[in-house]
Amino acid sequence: MKRILVVGAGGQIGTELVTHLQKNYGEDNVVAAEVRPDVVKKIAEHAQAVELDALDFQKYGETIKKYKIDAVYNLVALLSAKGELNPDLAWKINIGALLNSLNLARELHCAVFTPSSIGAFGYNTPHYKTPQDTIMRPDTIYGVCKVTGELLGDYYFKRFGVDARSVRFPGLISNGALPGGGTTDYAVEVFYEIWKHGKYTCAVPRDAYMDMMYMPDALTATTQLMEADPSRLKHRNSFNIASMSFTPEQLFNELKKRIPTFTWDYKVDPIKADIANSWPDIMDDSCARAEWDWTPKWGLQEMMTDMLAACREKVENGEY
Ligand code: AKB
């Protein structure tokens, strides 16, 4: 059985990916690495956990060796809106963690998964049915890091044979750890605020279409791609994957059908507005479907039912 190291395990994706990987590969074969000591303590209640700063090359390498790791899932990232507030730091963290992952994978013979994002695209990318291979000139430092990451992943594969694979995640909707500093965070926050205050103030413009995905589909996509037959992969870094796309106004209207007392307004953040408007409305994921049988299972209505129930419970238990 493969042994896996998840780096940045305490974030929105890592929190749920660790459990998903444990189910697929067994608890003994998954190690969760995280930089924040308090979060490491929490993870240690249900997984093998280590404190690790992904920018510390030596300790990162020692961890891979100690646990005899076959595949690294590098989830370390400063997200899009937060990145615009400190571009230097975003580059340092996002590219630093990626380069360490790729160089260690080269040296110690591991596979690497690093998420890319809809953030890899920009204003001059076709926004409707965004093709797999198209113009990539992002307008954010987050996007610059994502495009760099995609290119480095393919370079390390072609030049050094590192098995690097990746998907371009849409905005991820989940009820584990909260996202922090993304442009698509509104689509998570609203599910908590609806139960807590019955109203929500949205920082993204009402008509900004963006691809979104429910976390269970994102987790399936991740392991499915990492287990895909390499001889079928014409692409590697990185695959468009899509399942739903909506504007804030459309989501809130759907929520109001379920909870008629729900109200909302907008206090648009110009940074988030600019980012949201530069990203695709909906991506074409036909290459992922053809090359590794990607098929999403969660649509808007099923996602809403699940999210409303899970977030209600968390609010009622005082966890939000
Ligand atoms: C963000 O909004 O920054 C992320 C993303 C889409 O990559 N959720």
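When each full DSSP H helix of the chain is screened for a Cα extent of at least 18 Å along its own axis and an average Kyte-Doolittle hydropathy of at least 1.0, none passes.
Counting only residues at least eight positions apart within a chain, or on another chain, the aspartates and glutamates with an alpha carbon under 14 Å from that of LYS272 are GLU84, ASP139, ASP185, ASP207.
Solvent-accessible area per residue for the chain at a 1.4 Å probe radius, Å²?
Per residue, the chain has 43 Å² of solvent-accessible surface.
Multiplying the sequence separation of ASN86 and LYS42 by 0.36 nm and subtracting their Cα-Cα distance, what value in nm do you get?
Here the segment from ASN86 to LYS42 would lengthen by 13.0 nm.
Across all C-alpha atoms in the range 196-244, the radius of gyration and Dmax reach 16.5, 51 Å.
Summarising the strand pairing of the range 102-249, around 25 percent of its internal DSSP beta bridges are antiparallel. Averaging over all projection directions, the Cα-based convex hull of the range 99-197 occupies 8.1 nm² in the image plane. Put simply, when 124-133, 17-26 are sorted by average Cβ atoms within 10 angstrom per residue, most first, you get 17-26, 124-133.
List the trypsin sites (Lys or Arg not before Pro) within the range 281-318 that DSSP assigns to loop and that have no more than 16 neighbouring Cβ atoms inside 10 Å.
Those that pass, being in a loop and sparsely packed, are LYS297.
Computed over the Cα atoms of the range 113-169, pair by distinct pair, the Kirkwood hydrodynamic radius stands at 11.7 angstrom.
Take every DSSP beta bridge whose two residues both sit in the range 168-265; close to 30 percent of them are antiparallel.
Could you tell me whether the chain comes out rounded, prolate or oblate from its Cα gyration tensor? Rule is a ≥ b ≥ c as square roots of the eigenvalues, rounded for a/c under 1.5, then prolate if a/b exceeds b/c, otherwise oblate.
Cα axes put the chain in the prolate bin.
Counting only residues at least eight positions apart within a chain, or on another chain, the lysines with an alpha carbon under 26 Å from that of LYS59 are LYS2, LYS41, LYS42, LYS68, LYS92, LYS146. Taking the 1.4 Å solvent-accessible surface of the range 1-151 as the whole, the part contributed by carbon and sulfur is 54%. If you roll a 1.4 Å probe over the range 204-320 with all protein chains in place, what percent of the accessible area is carbon or sulfur? With neighbouring chains kept in place, the figure for the range 204-320 is 50 percent.
Find, among the GluC sites (Glu not before Pro) in the range 1-98, those assigned to loop by DSSP (not H, G, I, E, B) with at most 10 other beta-carbon atoms within 10 angstrom.
Hits after loop and neighbour filter: GLU45.
Modelled this way, with points 7 Å down the Cα-to-C-beta line, the labels at ALA290 and ASN317 are 4.5 nm from one another.
Calculated mean residue ellipticity, 222 nm, the chain: -14000 deg cm²/dmol, from DSSP H runs (n ≥ 4) at -39500 (n - 2.57) each, averaged per residue and rounded to 500.
Counting Lys and Arg as +1 and Asp and Glu as -1 over every other residue whose Cβ lies under 15 Å from the Cβ of LYS196, the net charge comes to -2. Beta bridges assigned by DSSP with both partners in the chain are antiparallel in approximately 10 percent of cases.
The values are calculated or read from the model by the stated rules, or taken from the named source; none is laboratory data. Everything numeric here is computed off the predicted structure, so don't read it as measured data. When we count neighbours, we look across all protein chains shown, and the Cβ atoms used for this are built from the backbone with ideal geometry, even at glycine. Ligands, DNA and RNA are stripped out before the accessible areas are found, and what is left, the full protein with its side chains, is counted by its heavy atoms. Shrake-Rupley method; radii C 1.70, N 1.55, O 1.52, S 1.80 Å.
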